[in-house]
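The next block holds one structure in the form of structure tokens; read it before the comments.
The values are calculated or read from the model by the stated rules, or taken from the named source; none is laboratory data. Small disclaimer: the values here were computed from a predicted structure and weren't measured. Cβ atoms come from the backbone with ideal geometry, glycine included; neighbour counts cover every protein chain shown. Keep in mind that these areas ignore ligands, DNA and RNA; they rest on the heavy atoms of the full protein, side chains included. Shrake-Rupley method; radii C 1.70, N 1.55, O 1.52, S 1.80 Å.
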Amino acid sequence: MVKVWKIEEIPTTKIVNNDVVNLTDDERQTVLKDWNECEQEVSDNKIVEIREIRNKKLSETDYLANSDVTMPDNIKTWRQALRDIPQDYTTEDEYDLLLARDEQGNLTHTVWSKP
């Protein structure tokens with residue numbers, strides 16, 4: 001779920017030339033709109049990255065789907081888990097878990113590990 005900012009969370013003041021200035025209601029509404037658009041963009045970028053990784057992982061085993069090859073059950077199950085990512089992972093926290101990497105830059109979530 002994408003973070004949705006509420007007007008109550010938007011500051012009522014800003015600093016201009018070292019002075020504290022009150023924000024107007026219109027300015028606060030603009031900040032609110034900008035912050036929410038930014039949150040959506042970040043989420044959208046994560047979804048795009050997850051989709052690209054998933055498609056790459058699926059393409060690595062596409063050759064096993066040929067009619068003259070018998071795909072092992074564990075690969076079938078793994079490929080199905082990859083295809084199920086959009087419905088199984090729907091929150092911002094889950095996107096972060098899917099995109100988590102170790103010190104070497106390798107994805108750490110188990111869904112990416114080919115059996």
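With each label modelled as a point 7 angstrom along the Cα→C-beta vector, the Asn17-Thr77 pair spans 6.9 nm. For His109, the residues whose modelled amide H falls within less than 5 Å of its own, excluding neighbours fewer than 5 places apart on the same chain, are Ala100.
Calculated FRET efficiency, Leu97 and Glu60, Cβ-Cβ r, R0 25 Å, to nearest 0.05?
Details: r = 22 Å, r/R0 = 0.86.
According to the calculation, E is roughly 0.70.
Charged neighbours of Asn36, selected by a Cβ distance under 13 Å, balance to -2 (K, R count +1; D, E count -1). Near Asp62, once Lys and Arg are set to +1 and Asp and Glu to -1 for all other residues with Cβ below 12 Å from its Cβ, the sum equals +2. When Arg51, Arg79 are compared by accessible area at a 1.4 angstrom probe, the order from most to least is Arg51, Arg79. Rolling a 1.4 Å probe across all protein chains gives Trp78 an accessible area of roughly 20 Å². Go from 0 up to the bin containing the longest alpha carbon distance in the stretch 1-52, width 5 Å each, and give me the % of pairs per bin. For the stretch 1-52, the pair-distance distribution reads 4, 20, 20, 17, 14, 10, 8, 5, 2, 0.
May I ask you to rank Leu107, Leu58 by accessible area, largest first, using a 1.4 Å probe over the protein chains only? Walk me through the numbers on the way to the answer.
Details: Leu107 45, Leu58 20 Å².
Largest accessible area first, the list is Leu107, Leu58.
When both the stretch 13-52 and the stretch 59-115 are represented by their alpha-carbon centers, they are found 33 Å apart.
Over all orientations, the chain has a Cα convex hull whose mean projected area works out to 10.6 square nanometres. Stretched out straight at 0.36 nm per residue, the stretch from Thr90 to Val42 would grow longer than its current Cα-Cα span by 15.9 nm.
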